[in-house]
Each structure stands twice: as structure tokens, then as C-alpha cells.
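Asker: Handing you a structure now.
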Amino acid sequence: MTTSEYWQLGWAFARSLATYELGGRPRPFSATFAVTNRCNLRCRYCNTPFLDSSQLSLADIEVVFRKLKTLGVVRLGLAGGEPLVRDDIGDIAALGKAQGFWLSLNTNLNLYRRHESLFEHIGMVFTSLDGRFEHHREARGDKSLDGTLEAIRSLRARRIPVVAICVVDVHNIDDAEFLLEQAAQLDVRMHFQPRCTDTDIVRGAYGDDLDNERLRAFWRRLRARRRVDTHIASTALYLEHLARWSDFRQSAVADPGQRCAAGVGFLYVDPQGNTFPCPYTKGKVPPINLVREEWSRAACRTMPCTDCSVGPMVEFNTLFRRPWRAAIDAAGSYATFDR
């Protein structure tokens, strides 16, 4: 990320924070656009490939991007499904760059060789490493690592930042040490997040053989390890939040003592253009279709929850709840890659 991009992102966040604190028209600084629900894998905790397979045309995507830009979005995450199954993903990224977005991409990297030129548009890549290789394949399928490690090495040789995500479950809860060793060898950062439940985009749940205290202990250990290991991307505030979470079988709660910045500070757009405060609210609140409609504060007045253990949403919310410490923490985790 260039110095100019840092300033743009910081200014956009400051406007979002002012809206969050003072009210008024939503000014989200960040959005995630799921370009497709289609995927070449069938991960055991992801329901996305079983949802509506229709997707927006490039013309409609351009409309959505213009509206996101007008709202104030600077950071745009391209996600799925698997974004690389779209043959026109390079054109989608180019549309995003034309609007001035700083782009990240969530991908399993199996199809990296088909789209190598695309990554010149991408500021950061998020991929998946779910533990020891046999545990990764147990969760994501026998072919889930095909080309992934080679792609990570290629991206780092190109000085493109890579963050690997581990979804913590019973099969890999003891694999953090292995993953951090891998991260050091591959020159990437690791982000750990809990398995989520009870929303359209996920399936399954924690089994009875993994209790809450064992999970909380995992997050406490990771917080202690982060003090000496720079390969952990998950921020300190995030890890502290998860170490206090009461019941991981309930991913979100309506806590009257908490506020959520979803819909005001960040948004989620699905492959049909339906827009939600965050991906966890898909299927729980009426969407606004951003191709035909406009996003407004009214769109997030019926939030079903105010606090959660949903990985990315926790990280975003710490920025709004503890802005100074969280911003410094996040900069240390995500903004110190050489490019």
C-alpha cells in the first residue's frame, strides 16, 4: 500500500467513524463484494456453493462499484465462493481499480495460474491454510491444496502480501504451532477465526467434543504468542474479544450494551447485488439491491445482533469501538508487508 493509499484509507475510516459516533448518512469505508457463489471446493463449514448461482454482469457490477464509491468506500474486498472461477475476474478487478478502490482478494489459489496477471491489481491476498495438510484436506477436500503453496510462494516473490486464514475447529485446534512455522517459511501472516453458525453463508456447527473453555484457552494462548510472533495477523483486541466470548455455538448476540458498525462503517454485497450490513446478516434482514436501490441508514435499523465472534466483523468493530489502539494494532498486523 502506498503512502497515498494509506492516507485515503485513513481519511475514509475517519469519516466512517464520525458517522458511527454522530449519526447521519452512512459513510462505509470498506465493503466486501462476493463476485460469485460458485466454488471449485466444498469446505465443510461453507454453505456459499449451495446458494443462488446467478451473478451480476460487468455492467451491473460497474453500477454497484460507482454507488459504493459515492458512499465513501475506499477498501473493497473481492470474495466468493471462489472469485477465480469467474473468467472475467480480471475485468471486475479492473473496474474496481478504475473507481480508485484498494482491492483485496479472498481465494483458495487453486486457479492462480489461470489469472496471474489479475494480481497486479490486488493489494492483499487472503487464502486458507487450515492446519496440518491432512487436517486442511479433511476440512476443505482432497484437492484443496492443489497449487496453493506454489501460488503463495509466487505471490511473495512478486512482493504481494498474503494472509492465510485458519478456521478453528476440533480437527485443527492444536495446529497453531505448525501453521505459524509454515507462515515463517512462506513469509505470510496467519489470521485465526472461529467457526461460525446460524447464517445463510455457513453450515454445520461445533460438535460436543469441543467445549467453550477449550476454545477460550486457545484464544488466550494465541494472544500470549502474538506478543513475540509477528506472523500472527489477528490483532490483540480481536484475540482478547474471542478469549472472553461466552458461547461459540452462538456466533452473534443482541447485547444492549454494544453497538455494531455494520451498515455504517462496512457493507457486504452478494453476487446478485443484494446488500447487507455484513455477511452474517444475510438471510436475517431485508437486503437493498444496490443495482436498483440506494443504501441508507434505514437499511441497518433492524440489525438482529450487536456483538459477535465472526472473525472479520470483530476486527472491523474493534476499529470503531477502540479506534486509536485498534488502528495502531491493525497497522502493525496488516500494513507492514513490503510491496
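Asker: Please identify the pairs in which a residue from segment 243-259 that is more than 27 Å from Glu21 (Cβ to Cβ) and surrounded by 16 or more Cβ atoms within 10 Å (Cβ to Cβ) has its Cβ atom under 7 Å from the Cβ atom of a residue that is aliphatic (A, V, I, L, M) and modelled with pLDDT of 95 or more, counting only partners at least 6 apart or on another chain.
Answerer: Filtered contacts from segment 243-259: Phe248/Leu215.
Asker: Would you mind telling me which numbered condition in (1) surrounded by 22 or more Cβ atoms within 10 Å (Cβ to Cβ); (2) among the acidic types (Asp, Glu); (3) outside any helix (DSSP H, G or I) Glu315 fails?
Answerer: (3)
Asker: Working only within segment 90-107, note down all residues that are more than 23 Å from Gly10 (Cα to Cα), touching a Leu at 6+ places or on another chain (Cβ under 6 Å) and surrounded by 22 or more Cβ atoms within 10 Å (Cβ to Cβ).
Answerer: Thr107
Asker: Within segment 290-307, is even one residue under 19 Å from Asp198 (Cα atoms), under 14 Å from the mean Cα position of the chain (by Cα) and part of a loop (DSSP other than H, G, I, E, B)?
Answerer: For segment 290-307, residues under 19 Å from Asp198 (Cα atoms), under 14 Å from the mean Cα position of the chain (by Cα) and part of a loop (DSSP other than H, G, I, E, B): absent.
Asker: For segment 265-298, name all the residues that are free of Cβ contacts under 8 Å to residues at least 24 places away in the same chain and either among the polar types (S, T, N, Q) or within 19 Å of Thr318 (Cα to Cα) (or both). Quick ask: steps written out before the conclusion?
Answerer: The first filter runs over segment 265-298 and keeps only residues free of Cβ contacts under 8 Å to residues at least 24 places away in the same chain, leaving 274, 276, 285-289, 292-293, 298.
Once the filter is applied, which keeps residues that are free of Cβ contacts under 8 Å to residues at least 24 places away in the same chain and either among the polar types (S, T, N, Q) or within 19 Å of Thr318 (Cα to Cα) (or both), segment 265-298 yields Asn274, Asn289.
Asker: Starting from residues that are touching a Leu at 6+ places or on another chain (Cβ under 7 Å) and assigned to a loop (DSSP other than H, G, I, E, B), keep the ones in segment 192-233 and report whichever is surrounded by the most Cβ atoms within 10 Å (Cβ to Cβ).
Answerer: His231
Asker: For segment 228-243, give me each residue that is among the β-branched types (Val, Ile, Thr) and farther than 15 Å from Ala327 by Cα. Even if it seems obvious, please write down each step before you answer.
Answerer: Here is the first cut: in segment 228-243, the ones among the β-branched types (Val, Ile, Thr) are 228, 230, 232, 235.
Passing the criteria: Val228, Thr230, Ile232.
Asker: Could you tell me whether any residue of segment 307-318 is among the hydrophobic types (A, V, I, L, M, F, W, C) and closer than 27 Å to Ser57 by Cα? Break it down into steps so the answer makes sense when it comes.
Answerer: Our first condition is that a residue be among the hydrophobic types (A, V, I, L, M, F, W, C); within segment 307-318, this holds for 308, 310, 313-314, 316.
Next, from what is left, pick out any that are closer than 27 Å to Ser57 by Cα: none.
Within segment 307-318, none of the residues are among the hydrophobic types (A, V, I, L, M, F, W, C) and closer than 27 Å to Ser57 by Cα.
Asker: Please specify each residue of segment 66-97 satisfying the condition of being more than 18 Å from the chain's Cα centre (by Cα), touching a residue at least 12 places away in the same chain (Cβ under 8 Å) and within 17 Å of Phe29 (Cα to Cα).
Answerer: Selection gives Arg66, Lys67, Lys69, Leu71, Gly72, Lys97.
Asker: Condition check: of a type in the set (A, V, I, L, M, F, W, C), modelled with pLDDT of 95 or more and either outside any helix (DSSP H, G or I) or surrounded by fewer than 21 Cβ atoms within 10 Å (Cβ to Cβ) (or both). Does Ala151 satisfy that? Break it down into steps so the answer makes sense when it comes.
Answerer: Numbers: of a type in the set (A, V, I, L, M, F, W, C): yes; modelled with pLDDT of 95 or more: yes; either outside any helix (DSSP H, G or I) or surrounded by fewer than 21 Cβ atoms within 10 Å (Cβ to Cβ) (or both): no.
Considered against the rule, which asks whether it is of a type in the set (A, V, I, L, M, F, W, C), modelled with pLDDT of 95 or more and either outside any helix (DSSP H, G or I) or surrounded by fewer than 21 Cβ atoms within 10 Å (Cβ to Cβ) (or both), Ala151 comes out as no.
The values are calculated or read from the model by the stated rules, or taken from the named source; none is laboratory data. Just so we're clear, the structure is a prediction, and the values are computed from it rather than from any experiment. Counting neighbours? That spans all protein chains shown, and the Cβs are built from the backbone with ideal geometry, glycine included.
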